Amino acid sequence: MMASTSVTKKKPYLQTILFGALSLASYIVLFTHEEWVTDNFTRGGYYVVYPIVTAFWFSFIHGAFGSNLLSALGLEAKVTKKK
Amino acid sequence: MRIFSALVLTLFILVSASTAVFAGGGGPSKNFTKGVFLEVDKVAGTAVFQASDSDVPETLMLGEDVDAGKISLDQKVMVTLQEKEGGVYASNIEIMFLDLSVSKFITLMVVGLVGGMLSGFIGSGGAFVLTPSMMSLGVPGAIAVASNMCHKFPKALVGTYKRYKYGQVDVKLGLVMAFSAIFGVQVGVTVQKAILNAWGNAGSNLYVSLVFVVVLVVVGGYVFRDAIRLAKHDADDKISPLALKLQQLNIPPMMHFKTAGVRISAWVTLPLGFATGMLAATIAVGGFIGVPGMIYVVGASAMVASATELLIAFVMGTWGSIQWGLSGLIDIRLTLLILSTSLIGVQLGALGTTYVKDYAIKLVMASVMLIVAISRGAKIPGYLGDLGLIAPLGTATASVLDFISFWALVAALGTAGVIITAAMVTGMMKARREEKALATEEV
């Protein structure tokens with residue numbers, strides 16, 4: 001166990017940048033097409049798919065960015081020893 | 001006995017399900033329309049309105065409270081309709097999509113970050129402060145609730161994933177609670193509608209605030225006492241005497257929850273989920289009963305209960321978002337602005353739990369609940385005045401109470417942020433010291 005904790009894990013800088021860029025690009029696309037988005041996302045009925053799928057998309061890519069960012073900053077969960 | 005018990009349980013589920021169908025979903029009420037005003041006739045008190053779901057413009061009568069001079073043309077609005085004296089009037093008009101200034105951007109992102117941290121740490125939170133914050137920025141109430149709901153499930157998904165990786169989520173307990181909670185929501189909505197019909201808006205507001213204050217003070221006070229007791233001894237939690245008794249009730253079907261390490265009758269978990277849902281429909285924060293319920297009634301640890309609550313929030317949030325989305329009320333821009341920081345906050349809160357003991361989670365939860373109770377309590381005199389039960393409040397008193405109400409919410413979020421950060425930093429420093437000590441020992 002000790003060996004695994006003393007080995008410094010490589011920090012995920014590349015993943016942070018990749019997911020960050022993807023997320024930022026998605027934000028830019030959405031906010032530069034604000035009018036189309038607000039209009040079509042609030043049509044109701046079947047159009048409910050738009051906001052739900054968008055929310056899922058951001059939860060994956062922006063969530064992955066957040067996870068990698070915290071690791072890159074050295075914020076990791078406490079390693080507990082397995083019994 | 002076993003067959004009888006299972007039959008009664010099935011009946012209970014069927015009755016709940018049929019109530020759910022009749023209640024017609026937990027989404028918004030149907031007395032509104034969306035669209036654009038094309039022309040306003042100030043003299044006649046009418047306006048030509050193009051509804052989004054119709055091809056032909058119609059003429060709407062404007063209610064007494066609507067200022068015809070303030071109606072902006074060619075901007076998407078939400079119109080509340082009211083039937084009066086044989087005709088349908090537009091009783092309230094709100095602009096659907098507010099222009100987002102830099103300060104609004106920043107406000108939403110800051111609230112999102114701390115709300116996310118709270119969520120990751122105690123399993124729920126954020127919603128109670130996000131909706132009022134959005135409304136104070138000028139977002140119509142229904143849009144604020146809908147956009148907030150749509151931000152809740154992606155955040156809960158990411159939080160669940162993280163805490164599942166830390167081995168804290170009891171998936172089975174979460175799913176059982178979530179699905180029984182959905183039925184609870186339906187009944188809660190029916191009760192709300194009945195109260196709204198009988199006593200109007202002020203009566204409904206008073207009911208919501210009273211439930212809020214009573215539940216938060218009683219449950220929050222209990223959790224707080226427990227947290228302080230544990231903190232004094234820096235002890236790990238023990239299973240509550242009530243949960244131990246209930247676990248001994250051998251009424252089939254029995255359910256085994258592996259991660260929580262509990263074997264308990266479905267007769268305990270299903271009504272608890274149901275109550276969580278009912279409360280969620282009433283005060284919009286089901287976690288305030290769900291988490292203490294899982295701790296003190298089911299017998300799970302605060303760590304597992306708060307993690308499992310995230311799964312419940314995910315299921316209920318997705319379901320709720322679909323309901324609100326079907327009515328087209330989600331402003332995705334608001335949702336995504338909050339998500340931009342809350343998806344990071346929720347992971348920070350989640351990893352924070354790995355550095356603290358159970359009582360830290362209870363302490364944060366209880367503090368938040370008690371401060372939020374003050375916020376809601378400050379609203380009660382106003383509603384009592386509206387109902388004519390006490391003399392109407394003066395303008396000065398009303399504005400002081402509004403001030404207390406809003407800032408108590410901000411204080412709740414701030415306090416939570418400070419306790420979580422402090423607990424996490426202390427925990428991390430302690431872990432580093434231990435690691436270093438171990439490393440020197442090995443050398």
Can you tell which of B:Asn205, B:Asn201 is in a helix (DSSP H, G or I), open to solvent by 30 Å² or more (accessible area, probe 1.4 Å) and touching a Lys or Arg at 6+ places or on another chain (Cβ under 8 Å)? B:Asn205
Yes or no: B:Gln323 open to solvent by 10 Å² or more (accessible area, probe 1.4 Å), within 13 Å of chain A (Cβ to nearest Cβ) and assigned to a helix (DSSP H, G or I)? yes
Would you mind finding the one in B:Tyr359, B:Tyr383 that is farther than 30 Å from B:Thr160 by Cβ, open to solvent by 30 Å² or more (accessible area, probe 1.4 Å) and in a helix (DSSP H, G or I)? B:Tyr383
Within the stretch B:66-82, considering residues that are under 31 Å from the mean Cα position of the chain (by Cα) and open to solvent by 50 Å² or more (accessible area, probe 1.4 Å), the one nearest to B:Leu98 (Cα to Cα): B:Gln75
For the stretch B:387-397, does any single residue satisfy the condition of being modelled with pLDDT under 90 and within 30 Å of B:Ser124 (Cα to Cα)? no
Condition first: free of Cβ contacts under 8 Å to residues at least 40 places away in the same chain and either at the interface with another protein chain (Cβ under 7 Å from one of its Cβ atoms) or touching a helix residue (DSSP H, G or I) at 6+ places or on another chain (Cβ under 7 Å) (or both). Now tell me which residues in the stretch A:58-75 satisfy that. A:Phe58, A:Ser59, A:Gly63, A:Gly66, A:Ser67, A:Leu70, A:Leu75
Which ones in the stretch B:327-378 are facing chain A (nearest Cβ under 8 Å) and at pLDDT below 90? B:Ser327, B:Gly328, B:Leu329
Which ones in the stretch B:157-169 are touching a residue at least 12 places away in the same chain (Cβ under 8 Å) and either within 9 Å of chain A (Cβ to nearest Cβ) or open to solvent by 10 Å² or more (accessible area, probe 1.4 Å) (or both)? B:Leu157, B:Val158, B:Thr160, B:Lys162, B:Tyr164, B:Tyr166, B:Gly167, B:Gln168
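Yes/no matrix, rows are residues, columns are (1) more than 29 Å from the chain's Cα centre (by Cα); (2) in the same structural domain as B:Ile122 (by TED's automatic domain parsing); (3) modelled with pLDDT of 90 or more; (4) in a loop (DSSP other than H, G, I, E, B):
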site	(1), (2), (3), (4)
B:Phe406	no, yes, no, no
B:Val410	no, yes, no, no
B:Leu413	no, yes, no, no
B:Ile420	no, yes, yes, no
B:Arg432	yes, yes, no, no
Given the options B:Val145, B:Val114, B:Val110, name the one that is touching a Leu at 6+ places or on another chain (Cβ under 6 Å) and open to solvent by 30 Å² or more (accessible area, probe 1.4 Å). B:Val114
Do we have any residue at all in the stretch A:57-77 that's open to solvent by 60 Å² or more (accessible area, probe 1.4 Å), in a helix (DSSP H, G or I) and out of contact with any Asp or Glu (no Cβ under 6 Å at 6 or more places or on another chain)? yes
Residues being of a type in the set (Gly, Ala, Ser) and assigned to a loop (DSSP other than H, G, I, E, B) - total across the stretch A:29-56: 1
With the requirement that a residue be open to solvent by less than 20 Å² (accessible area, probe 1.4 Å) and in a helix (DSSP H, G or I), what does the stretch B:368-380 give you? B:Val368, B:Met369, B:Val372, B:Ala373, B:Ser375
Return the pairs, sorted by first residue and then second, in which the second residue is in a helix (DSSP H, G or I), the first residue lies in the stretch A:28-53 and is more than 7 Å from chain B (Cβ to nearest Cβ), the beta carbons are less than 6 Å apart, and the residues are 6+ apart or on different chains. A:Tyr50/A:Phe41
Selection from the stretch B:232-273 of residues that are small (Gly, Ala, Ser) and within 28 Å of the chain's Cα centre (by Cα): B:Ser240, B:Ala243, B:Ala260, B:Gly261, B:Ser265, B:Ala266, B:Gly273
Within the group B:Thr318, B:Thr282, B:Thr276, which residue is modelled with pLDDT of 85 or more, under 23 Å from B:Gly220 (Cβ atoms) and either among the aromatic types (Phe, Trp, Tyr) or assigned to a helix (DSSP H, G or I) (or both)? B:Thr276
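The values are calculated or read from the model by the stated rules, or taken from the named source; none is laboratory data. Since the model is a prediction, treat every value here as computed from it, not as a measurement. Here the Cβ is made from the backbone with ideal geometry for all residues, glycine too, and neighbour counts use every protein chain on show. Surface accessibility is based on the protein's heavy atoms, side chains included, excluding ligands, DNA and RNA. Shrake-Rupley method; radii C 1.70, N 1.55, O 1.52, S 1.80 Å.
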